[in-house]
Structures are given as C-alpha cells and as structure tokens.
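Below: one structure, written as structure tokens.
Laboratory data are not the source of any read-out in this text; all were calculated from the coordinates shown. On a predicted model such as this, the values are computed, not experimentally measured, just so you know. Cβ placement follows ideal geometry from the backbone for every residue including glycine, while neighbour counts extend to all protein chains displayed.
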Amino acid sequence: MLVIGYLLGSIPSGIWIGKIFYHKDIRKFGSGNMGTTNTFRVLGKKAGAVVLLIDMLKGTLAACQPYFFNVHINVLIIGCAAVIGHVFPIFARFKGGKAVATSAGILLAYSPLFFLVAWIIFLTTLYLSSMVSIASMVGMTLITVLSLFFHDPILTTIAIILTIFVFYRHKGNLSRIKHGNENLIHFGVVYNRQKNK
C-alpha cells in the first residue's frame, strides 16, 4: 500500500496536462513549480482546476487503500506515502510540488467533515489575503490545532509534520511576503485593494 501510495502521489499531473494539452512544460514558466497554483497561473483556470482535483484524488485514493483491502491501519499513514510521492515524484526526477492539495486529499479519506472545515478555512484565508501561500500555511496551522479535538495522536502528529513541511516548502514565499512582493491571485481583499490603488 505504501508503494502504491507513493506511485499515485508521483503522478505529475501539472506537467503531464501541460505537455499533452497545452504543449508547455509548466516548470519553465511562472514559479517553476509543477503544482496547482502555478498551473492556474500558466495554463489557466480549467487546467488548474483539473490539476487540483487530480492532486487531491491522489491523496484520497492512496489513503483509502486500507478500506479497499480491508486492512486495519490508520489511513493517514498510508496517505503520507502519496505526499512523499507528490513532493519527490519518481516520474518527474524527484522534483515535485508543495503537498498542500495531496494532504487535503488524505484528510478527505480520514474525515469528510474535517476536510470541509479545512476547505472553508483555506478559502476564507485566501479571500482575505489573495495569496495561496498564506492560505496554505494558515490552513495547515489551524488544521493542526483543530486535530487536537479528534483525540487521535496519529492525526495530530502527522498534521504537525505536514505543517512544518509545508512551511519549509514555502520558505521562498515567506521571503517574498516579508518583502511585500508575493504573487497575488486575481481574487480577494488584498488584490482588490491593490487594484483600486
């Protein structure tokens, strides 16, 4: 299950969709990342939405394997293999994305209600900040705090690890946020404020 989870996570959806349907390698444009945000930026809303769904589905399918095979093991443990695959994909020279969408997919397999709460947090923060990076980091932090209410030490431990990892993967974004030149999406309070200026 761990191997299957890793291979699922390794599917570089942004790269494949860019090359097959748009004849572009998204790693050569925008931020150079193969993930959802750069796909939206380089290829547009339709491609970005598809990549977002695929990247989440990778985590969900990987994490659901214990259900499929009727094995009594925490789905989060198996799901983490997909996160590792997404960040270090064997199909893309081990240079992958930032693991946010795939982590969300794992959460969907664990608790659909918690997944919904996480999305509400993410979208609210995204609207207020107009920055995917801030929404991702704030979202992961609040998910970690909320995980304490589930009284599941595995959930909390993995949430802490993933939060630290997401912050690490966003270190470049943190530097740009600090200097006031982080990329904004064309949506939300901060974007509209700057647009009006």
Note, ³J(HN,Hα) from phi for segment 92-102, Karplus 6.51, -1.76, 1.60, rounded to Hz, x at Gly and Pro: 9, 6, 6, 10, x, x, 9, 6, 5, 5, 5
So what's the projected area for the chain, the Cα convex hull averaged over all directions, in nm²? 11.2 nm²
Mean Cβ-within-10 Å packing, highest first, puts peptides 33-40, 120-127 in the order 33-40, 120-127
Please compute the modelled spin-label separation between residue 74 and residue 183, points set 7 Å along Cα→Cβ, answer in nm with one decimal. 3.4 nm
Starting from the eigenvalues of the Cα gyration tensor, five times each then square-rooted, give me the equivalent ellipsoid semi-axes of segment 111-192, largest first, whole Å. 25, 16, 7
Where the centroid of each part is defined by its Cα atoms, how far is segment 97-113 from segment 20-44 in Å? 21 Å
Considering only the other residues whose Cβ falls under 13 Å of the Cβ of residue 9, what net charge follows from Lys and Arg at +1 and Asp and Glu at -1? +1
Pop a pseudo-label 7 angstrom from the Cα along the beta-carbon direction at both residue 148 and residue 46 and give the gap in nm to one decimal. 4.6 nm
If you plug each phi of segment 53-68 into the Karplus form 6.51 cos²θ - 1.76 cosθ + 1.60 with θ = phi - 60°, what whole-Hz ³J(HN,Hα) values come out, in order, with x for Gly and Pro? 5, 5, 5, 5, 4, 4, x, 5, 4, 4, 5, 7, 4, x, 5, 4
In segment 39-118, trypsin sites (Lys or Arg not before Pro) in a DSSP loop with at most 15 other beta-carbon atoms within 10 Å: 93, 95
Under the helix-only model (-39500 (n - 2.57) for each DSSP H run of 4 or more, divided by the residues of the chain), the mean residue ellipticity at 222 nm, to 500 deg cm²/dmol, is -21500 deg cm²/dmol
In Hz, Karplus ³J(HN,Hα) per residue of segment 111-119 (6.51, -1.76, 1.60; θ = phi - 60°; x = Gly, Pro): 7, x, 5, 5, 4, 5, 4, 4, 5
Cα-Cα over 22 Å, subset of 28/197; 24/46; 19/98; 45/195; 58/178; 28/95: 28/197; 58/178
Nearest-0.05 FRET efficiency for residue 194 and residue 28, computed from C-beta distance (R0 25 Å): 0.35
Would you work out which of 156, 18, 49 lies farthest towards the positive end of the dipole of the chain? Charges go on Cβ: Lys and Arg +1, Asp and Glu -1. 18
Within the under-13-Å Cβ sphere about residue 184, not counting residue 184, Lys/Arg +1 and Asp/Glu -1 give a net charge of +4
